[in-house]
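As structure tokens, the structure follows; a few thoughts come after it.
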Amino acid sequence: MKFTLKIWRQKNQNDPGRFVTYEVNNISADASFLEMLDVLNNELVQKGEDPVAFDHDCREGICGSCGMMINGRAHGEGRSMATCDVRMRMYKDGEDLVVEPWRAKPFPVVKDLVVDRRAFDRIMQAGGFISVKTGAAPEANAVPVPKANADEAMDAAACIGCGACVASCPNSSAMLFVAAKVSQFALLPQGQPERRERVERMIEQMDKEGFGACSNNYACEAECPKGISVTHIARLNREFLRAEFTEKA
Amino acid sequence: MVLNSNIPDGPIEKKWSEHRFHMKLVNPSNRRKYTVIVVGTGLAGASAAASLGEMGYKVLAFSYHESPRRAHSIAAQGGINAPKNYANDGDSVYRLFYDTLKGGDYRAREANVYRLAEVSGSIIDQCVAQGVPFARDYSGYLDNRSFGGAQVSRTFYARGQTGQQLLLGAYAALSRQIGAKTVQFFDRREMLDLTVVDGQARGIVVRNLRTGAVESYVGDAVVLATGGYANTYYLSTMAKASNATAVWRAYKRGAAFANPCFTQIHPTCIPVGGDYQSKLTLMSESLRNDGRIWVPKKSGDTRSPSQIPEAERDYYLERLYPSFGNLVPRDVASRRAKEMCDKGFGVGPTKMAVYLDFADAIKRNSKAWIEEKYGNLFDMYHEITAEDPYSVPMRIYPAVHYTMGGLWVDYNLMTTIPGLFVVGEANFSDHGANRLGASALMQGLADGYFVLPYTLGNYLASTKFASVTVEHEGFRETRASVQERVDRLMSIKGKKPVSEIHRELGKVMWEYVGMGRTAAGLTKALKLIPEIREQFWKDAKVVGDPDTINNELEKAGRIADFLELGELIARDALHREESCGGHFREEHQTPEGEAKRNDKKFAYVAAWEYTGDARTPKLNKEPLKFEYVKPSERSYK
């Protein structure tokens, strides 16, 4: 297969950046999107040009490192896929592909398609945990968890922190990311003691980082590589309101 | 070099508790005076950094990723073992110890393996308390499944994403400590060398991958949690960035490298498709609970699987190993798959694959039942191959997946360099010559949560430290050598992209140092690898600037180290004139084609000592004593 690629090139945060057009030929239909970029980069290296920088690591859709807008869609064609899961057979031979980094103010571009997503880590540091010291845990089966709750918590916990929700949202909202963690812990008995502080702190940090609010656009769910449902955002809102209307312990 | 394993005296079930009692402690108010450097934030590194930070030590944690959550532990699918005996099927600490030691083909220390089994139950407790959503049954209690090499159900799991959930648990604990400022996290920093001062590991030199700056950090102890070296083979199930540079630099600074040839080939991976391929994808071992492995009875059979009647199929694992069936250990399953394909029974376009078939399980239970257990794995397979595994059997083939070898550590997880500790896959300690499924997560978290926090404290409390800053001569020297190496890589100006050279190394490793090894093949590899290395330093092409994100430069440095480590793997494999676990020397097999150990000559840990770039490394031996489990032929019949 062959493709015309229009890729965003930007040397660093201060460089205004621009699209550069490349042609790639002889791409296997079974190759992944990232393997197609490998072929391009190999050619660029051979020509002595700087290859396109992009984050990637596990290449099996779980580490959350990769992520780019392909023809305006976060992680490209297909549903429930990270960029590394996307195969070239999903595109038409000869198609034009426009490749951009995540576009969101809290995710500044570092280089080319690489963005800085440390804002997500700071939200987690603010409250995305259950405070249990190593060694302080009770016997694992001491507290049963209804299977339905455990399963729903797992649905939420599947988040890979890639940022596609933010990139696809017109408001650059991180509500789905925050909701996934808040919801996971709100559903489990282990998460109850810190339920109130957790949601308040995470939302506060989310706002501080400059992420927008949710306006029920649902693009996040549509583009989430793990298919995380917006019902978790509803739970996040409920948790937040509940925290605001209850007294501090 | 002296190898003292420091295994405590006493009966095996009391060694760890007695040892803990006798260890020196650091008073809680004194802990903040000690700085501990942790390199790597996967399961072992994140759990260690979080636990040490919580205890009050000053922790500096490093990762080449932007976020600790990207570490490759996240990709582990199947599960984590613990002998909770919730299934009431006869499990116990002793049985897990026995299975793991036997699974490792009697090439691990009894005392270490026993401790691992002993603390594994606490890991499950810890993770449940952290909110890890393990699978539960309808009662609300925890569910278990079976893994290879065991006849009990002791594996805890979170769908096919157990590694992800455990890592996010450890990441959450670490994030809490970063927020509390007991741990300082340095992102996008790659450790490029170790600084040893007065014989003690006192710090590291890293390259800031954003800016290219060479930075030094001082500590009282250094913990490496940098994972395995399977990417030496180029194609593996490792993440693209997984590398051996940190452990290799430590080796060159005096840490012994143990059993490098003990590499694990995982039997159930998606077969290689084409030259463009950048990595191989694993299909979890848990699939062997319900999938049946087979090939056509007739060699070269080109019919589609649905057209091959039951009577013309060879379920070879069930035939050869009736009691373990499809759940034999990984090394056995891999070798048999290779044998079938070598004999011409392979299937699919390349003929280098066997079927993993779920038709019976779907008939027995239902499609929905399979979907709930393995849905994400089936989706992943479908995405990659464009075939629907619910209706067509999966095609699988072995791929390099894990490395049991690693830096030599004593019972306290300390290397031959005082103050340098190694945890998780990066050390050699617990899996012998073959790791059983669901044991890697167990070992990573055991080391990080429940072993290192004790043994590191003992070291700190019983050691005197000179005051050292980054201006110390040792740090200047390390920085200069790191800078010199970066400059050298940037100045090769050859013609070949480094990935191509890596691929050439991988081909040699897979061909001659892979699943079936011979003296002739290994000797050939020992000739070819230095040739590729020489070509690398003459003809590699590293483009871009050194002062910004530069993937090519990062790759080049890692490949340069693989080119040296690959030779050591081959050397170790050639010297070990026996077959054991993942190390299969074709000259040494039983008439049935099983691995034939030589306990008289090779019941030892091979710890290689660096003696200079131009010199052959020195082999040191740590004899293995078996007081509780008598080594026998590992039978899964």
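The values are calculated or read from the model by the stated rules, or taken from the named source; none is laboratory data. Because the structure is predicted, anything quoted here is derived from the model rather than measured. So basically every Cβ, Gly included, is an ideal-geometry build from the backbone, and we count neighbours across all protein chains shown.
A few remarks follow.
- Set A:Ser215, A:Ser229: member being closer than 20 Å to A:Ala158 by Cβ and in contact (Cβ under 8 Å) with a residue 40 or more places away in the chain: A:Ser229
- Among the residues listed as A:Ala167, A:Ala179, A:Ala157, the single one being away from chain B (no Cβ under 14 Å), touching a Lys or Arg at 6+ places or on another chain (Cβ under 9 Å) and closer than 25 Å to B:Phe134 by Cα: A:Ala179
- Members of the range B:178-208 that are within 16 Å of A:Gly127 (Cα to Cα) and crowded, with 24+ Cβ neighbours inside 10 Å: B:Val183
- So A:Ala167, is it of a type outside the set (D, E, K, R), modelled with pLDDT of 95 or more and assigned to a helix (DSSP H, G or I): yes
- Any hit, the range B:520-541, residues being among the hydrophobic types (A, V, I, L, M, F, W, C), more than 25 Å from the chain's Cα centre (by Cα), surrounded by fewer than 18 Cβ atoms within 10 Å (Cβ to Cβ) and within 14 Å of chain A (Cβ to nearest Cβ): no
- Single residue of B:Gly566, B:Gly557, B:Gly593, B:Gly612 found to be at pLDDT 95 or above and on the phi > 0 side of the Ramachandran plot: B:Gly612
- Output for the range B:542-566, where each listed residue is of a type outside the set (D, E, K, R) and within 14 Å of chain A (Cβ to nearest Cβ): B:Val542, B:Val543, B:Gly544, B:Pro546, B:Thr548, B:Ile549, B:Asn550, B:Asn551, B:Leu553, B:Ala556, B:Ile559
- Failed item, numbered, when A:Arg122 is tested on (1) within 17 Å of the chain's Cα centre (by Cα); (2) more than 19 Å from A:Glu194 (Cα to Cα); (3) surrounded by fewer than 24 Cβ atoms within 10 Å (Cβ to Cβ); (4) in contact (Cβ under 8 Å) with a residue 60 or more places away in the chain: (2)
- Of all residues making up the range B:478-524, the number that are under 22 Å from B:Asp342 (Cα atoms), in contact with a Lys or Arg (Cβ under 9 Å, 6 or more places away or on another chain) and aliphatic (A, V, I, L, M): 4
- Which listed residue, of A:Glu197, A:Glu244, A:Glu221, A:Glu239, is assigned to a helix (DSSP H, G or I) and at pLDDT below 95: A:Glu244
Yes/no matrix, rows are residues, columns are (1) small (Gly, Ala, Ser); (2) at pLDDT below 95; (3) touching a strand residue (DSSP E or B) at 6+ places or on another chain (Cβ under 8 Å):
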| position | (1), (2), (3) |
| --- | --- |
| B:Arg145 | no, yes, yes |
| B:Phe156 | no, no, yes |
| B:Gly160 | yes, yes, no |
| B:Ala170 | yes, no, no |
| B:Gly179 | yes, no, no |
| B:Gln184 | no, no, yes |
| B:Arg188 | no, no, yes |
| B:Met191 | no, no, yes |
| B:Val196 | no, no, yes |
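- Every pair of residues 6+ apart whose Cβ atoms lie under 8 Å, when the first sits in the range B:223-235 and is outside the structural domain of B:Tyr276 (by TED's automatic domain parsing) while the second is in a loop (DSSP other than H, G, I, E, B) and modelled with pLDDT under 95: B:Leu235/B:Val272; B:Leu235/B:Gln277; B:Leu235/B:Lys279; B:Leu235/B:Leu280
- For A:Val145, the test of being at the interface with chain B (Cβ under 9 Å from one of its Cβ atoms) and buried (at least 17 other Cβ atoms within 10 Å of the Cβ) is passed.
- Members of the range B:364-390 that are among the hydroxyl-bearing types (Ser, Thr, Tyr) and either under 29 Å from the mean Cα position of the chain (by Cα) or more than 24 Å from B:Ala353 (Cα to Cα) (or both): B:Ser366, B:Tyr374, B:Tyr381, B:Thr385
- The residue that is farthest from the other protein chains (Cβ to nearest Cβ), among those in the range A:118-142 that are charged (D, E, K, R) and in a helix (DSSP H, G or I), is A:Arg122.
- Search result, residues across the range B:132-167 that are closer than 17 Å to B:Tyr449 by Cα and more than 7 Å from chain A (Cβ to nearest Cβ): B:Val132, B:Gly163, B:Leu166, B:Leu167
- The range B:208-233, residues that are in contact with a strand residue (DSSP E or B) (Cβ under 9 Å, 6 or more places away or on another chain), more than 25 Å from B:Met414 (Cα to Cα) and not charged (D, E, K, R): B:Asn208, B:Leu209, B:Ala213, B:Val214, B:Tyr233
- Some residue of the range B:22-35 being surrounded by fewer than 24 Cβ atoms within 10 Å (Cβ to Cβ), closer than 25 Å to B:Lys625 by Cβ and either of a type in the set (A, V, I, L, M, F, W, C) or not assigned by TED's automatic domain parsing to the domain that holds B:Arg189 (or both): yes
- Residue match in the range B:73-96 (condition: part of a loop (DSSP other than H, G, I, E, B), in contact (Cβ under 8 Å) with a residue 40 or more places away in the chain and basic (Lys, Arg)): yes
- Evaluation of A:Phe185 against (1) surrounded by fewer than 24 Cβ atoms within 10 Å (Cβ to Cβ); (2) closer than 28 Å to B:Phe185 by Cβ; (3) within 12 Å of chain B (Cβ to nearest Cβ); (4) touching a Gly at 6+ places or on another chain (Cβ under 6 Å) (one fails), failing number: (1)
- Selection status of B:Gly140, surrounded by fewer than 23 Cβ atoms within 10 Å (Cβ to Cβ), outside the structural domain of B:Trp369 (by TED's automatic domain parsing) and of a type outside the set (D, E, K, R): yes
- You will find that of A:Leu34, A:Leu44, A:Leu40, the residue that is touching a His at 6+ places or on another chain (Cβ under 7 Å) and assigned by TED's automatic domain parsing to the domain that holds A:Val99 is A:Leu34 and no other.
This table checks each residue for (1) at negative phi; (2) in contact with a Pro (Cβ under 8 Å, 6 or more places away or on another chain); (3) more than 7 Å from chain B (Cβ to nearest Cβ).
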{"residue": "A:Asp57", "(1), (2), (3)": "yes, no, no"}
{"residue": "A:Glu60", "(1), (2), (3)": "yes, no, no"}
{"residue": "A:Cys63", "(1), (2), (3)": "yes, no, no"}
{"residue": "A:Arg73", "(1), (2), (3)": "yes, no, yes"}
{"residue": "A:Asp85", "(1), (2), (3)": "yes, yes, no"}
{"residue": "A:Met90", "(1), (2), (3)": "yes, no, yes"}
{"residue": "A:Asp96", "(1), (2), (3)": "yes, no, yes"}
{"residue": "A:Pro101", "(1), (2), (3)": "yes, no, yes"}
{"residue": "A:Lys105", "(1), (2), (3)": "yes, no, yes"}
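A quick yes/no check of all residues on (1) under 15 Å from B:Ile293 (Cβ atoms); (2) more than 14 Å from chain A (Cβ to nearest Cβ):
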| site | (1), (2) |
| --- | --- |
| B:Tyr315 | yes, yes |
| B:Tyr321 | yes, yes |
| B:Arg336 | yes, yes |
| B:Glu371 | no, no |
| B:Asp410 | no, yes |
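- Answer from B:Ser63, B:Ser67, B:Ser73 - the residue that is touching a strand residue (DSSP E or B) at 6+ places or on another chain (Cβ under 8 Å) and within 14 Å of chain A (Cβ to nearest Cβ): B:Ser63
- Check on A:Thr4, loosely packed, with under 15 Cβ neighbours inside 10 Å and either touching a residue at least 40 places away in the same chain (Cβ under 8 Å) or within 12 Å of chain B (Cβ to nearest Cβ) (or both): yes
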